[in-house]
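Comments concern the structure below.
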Amino acid sequence: MSREAEVLDQMRVIIDPDLGKDIVSLGFIKELKITEAGEVSFNVELTTPACPVKEQFRGACEKAVRRLPWVTDVAVTMTAQKGRNRSPMQASAPGLANVGPIIAVSSCKGGVGKSTVAVNFAYALHRAGARVGLFDADVYGPSLPTLVRPRNTDLYQANDMIVPLEHEGVKLMSFGYVPRAPGKDAAIMRGPMVSGVINQLLTGTDWGELDYLVLDLPPGTGDIQLTLAQLIPLSAAIIVTTPQELSFVDVVKGIQMFDQLKIPTVAVVENMSYFVCGKCEERHTLFGAGARDRLVQQYGFKNTFEIPLVPELSAACDEGLPVALDLERFPFAQVYHDLSAAVVREISRIQHGAAKRPTLGFDADRGMVLTMPEGEEFVLPPVALRAACRCARCVEEMTGRPLLDPNTLDPNLYPVGIQPVGNYAVAVQWSDGHTSSIYPYEAIVERFTTPACAGA
Ligand code: ADP
């Protein structure tokens, strides 16, 4: 075996936890050089420079290669792939030609803290090692100029493109930075005009090379948001909400809007979720328990984050300080870094096809058929899946007490509709009129593959 092959072989035991394959098969090892004296050097080209397990990879590679008796030295350089999966629109829009995944931060209502999340998420991504841009797409109420205060706010053009502002390494653009003549207020703009203006500003900005562009969408799930999400090639969405009773409905609306456009919702943030009292140090949930558990149970969402209500956050925002940059003063801001790590991993899984979901179908002879991404099939009688419904009509929300007696179900029940919902769940409408029972894939796979059910 050649020395090169020996080195590569050593690293085949290192598995990317998100992609589920070893780093050699994934083609991550580049520029492998070996000298006569046994000095080995190579690059590990990850899917993103913000990879949260970058240092673990480096250590594991070094250790693996050093096990070879002839190796005298190992030099590992961590790099990242450029420009994966750029859409045709991105390639043809000069300003976006070298921009990586575009991530929308969205909310159903205004005032829930969406822009604060977008800003801190962008800075957390940057701190993790990525080149990041932040675009504020809210022309009616642009908040970026308040939330981040670059020293120089004068916009200028170069080569017919607008040069974005920059603060602490993140490139910034907002309608709020564009000087306007008196009376030319955004309030007079109608929906289609708004999307046009935003699109012009986004594509007319010279973003240069970016690993991620964060897009702070205007609040709502109406025409403006839908048009924007259609115009701009979004890779993923984050939904921000607050924990009031109606927020679950809001999140579902958001997921559905992005679903229509085949944009995966990769994380949900519950902002102002709780308050830690300075006197008793206890956590108080001000608006009830929030929708987190329901999102996990019904939609299979893993990436849900709670951000506390922090009175000083408002003051910091008003000073133009992204709190994610000052963890010493704002320890709670670690949550923005956790969010960024989770989103980076999820996008990388999506781009590499590792986030492929199973498909659920119906065959009149066999029953419900679950086909795994690798092709393996599991079969279950429709009535068994119907009985497993966890919706609020079938299971008491607070106690988990079953409300549905499976013995009352029609044994000849069958599905009349099956659609994926979000990235992690599937909805089924049944012949008994029970509609939109939503099953997270994880729960469904478990149900289909437990010995009592498999092949039933
Ligand atoms: P949106 O973009 O949803 O309209 P913003 O991000 O502009 O909301 O936030 C609205 C207000 O709420 C701002 O004054 C902001 O400082 C404040 N805010 C946001 N998140 C929090 C939080 N977790 N704790 C306290 N204040 C917050």
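The values are calculated or read from the model by the stated rules, or taken from the named source; none is laboratory data. Nothing here was measured: the structure is a model prediction, and the numbers come from that model. Please note: Cβ atoms are built from the backbone with ideal geometry, for glycine as well, and neighbour counts cover all protein chains shown. Protein only, heavy atoms only, side chains kept; ligands, DNA and RNA dropped before computing areas. Shrake-Rupley method; radii C 1.70, N 1.55, O 1.52, S 1.80 Å.
Worth pointing out:
- Some residue of the stretch 117-133 being of a type in the set (Ser, Thr, Tyr) and within 22 Å of Gly204 (Cβ to Cβ): no
- Residue that is most open to solvent (accessible area, probe 1.4 Å), among those in the stretch 13-38 that are more than 20 Å from Gly353 (Cβ to Cβ) and basic (Lys, Arg): Lys33
- Residues that are under 19 Å from Phe135 (Cβ atoms) and open to solvent by 10 Å² or more (accessible area, probe 1.4 Å), drawn from the stretch 222-259: Ile224, Gln225, Leu226, Thr227, Gln230, Leu231, Pro233, Leu234, Ser235
- The set of residues from the stretch 128-154 being open to solvent by 50 Å² or more (accessible area, probe 1.4 Å) and either in a loop (DSSP other than H, G, I, E, B) or at pLDDT 95 or above (or both) comprises Arg131, Tyr140, Arg149, Arg151, Asn152, Thr153, Asp154.
- Pairing residues of the stretch 112-125 that are of a type outside the set (A, V, I, L, M, F, W, C) with residues that are outside any helix (DSSP H, G or I) and near the ligand (Cβ under 6 Å from one of its atoms), at Cβ distances under 6 Å and at least 6 apart in sequence or on separate chains, gives Gly113/Asn271; Lys114/Ser107; Ser115/Ser143.
- Figure legend. Inter-residue proximity from the stretch 94-106: first residues on the phi > 0 side of the Ramachandran plot, second residues modelled with pLDDT of 95 or more, beta-carbon distance below 8 Å, spacing 6+ or different chains. No pairs are indicated.
- Beta carbons closer than 6 Å, at least 6 apart along the sequence or on distinct chains, pair a first residue in the stretch 375-386 that is aromatic (Phe, Trp, Tyr) with a second that is open to solvent by less than 20 Å² (accessible area, probe 1.4 Å) and assigned to a helix (DSSP H, G or I) for Phe378/Phe448.
- Count of residues meeting criterion [closer than 29 Å to Val252 by Cα and crowded, with 22+ Cβ neighbours inside 10 Å] in the stretch 197-210: 2
- Within the stretch 421-446, the residues that satisfy the criterion of being over 13 Å from Leu385 (Cβ atoms), surrounded by fewer than 17 Cβ atoms within 10 Å (Cβ to Cβ) and within 31 Å of the chain's Cα centre (by Cα) are Thr435, Ser436, Glu442.
- Failed item, numbered, when Ala341 is tested on (1) within 16 Å of the ligand (Cβ to nearest atom); (2) part of a helix (DSSP H, G or I): (1)
- Selection status of Ala60, touching a residue at least 40 places away in the same chain (Cβ under 8 Å), away from the ligand (no atom under 16 Å from the Cβ), over 24 Å from Tyr212 (Cβ atoms) and small (Gly, Ala, Ser): yes
- Residue match in the stretch 328-348 (condition: within 17 Å of Val170 (Cα to Cα) and of a type in the set (Asp, Glu)): no
- Any hit, the stretch 103-111, residues being modelled with pLDDT of 90 or more, surrounded by 24 or more Cβ atoms within 10 Å (Cβ to Cβ) and either away from the ligand (no atom under 16 Å from the Cβ) or not in a strand (DSSP E or B) (or both): no
- Within the stretch 112-129, being touching an Asp or Glu at 6+ places or on another chain (Cβ under 6 Å) and within 7 Å of the ligand (Cβ to nearest atom) holds for one residue alone: Ser115.
- The sole residue among Ile29, Ile34 that is in contact with a helix residue (DSSP H, G or I) (Cβ under 6 Å, 6 or more places away or on another chain), at negative phi and at pLDDT 95 or above is Ile34.
- Test: residue in the stretch 331-354 that is more than 23 Å from the chain's Cα centre (by Cα) and surrounded by 17 or more Cβ atoms within 10 Å (Cβ to Cβ): no
- Failed condition for Val369, given (1) more than 16 Å from the ligand (Cβ to nearest atom); (2) open to solvent by less than 30 Å² (accessible area, probe 1.4 Å); (3) among the β-branched types (Val, Ile, Thr); (4) in contact (Cβ under 8 Å) with a residue 24 or more places away in the chain: (4)
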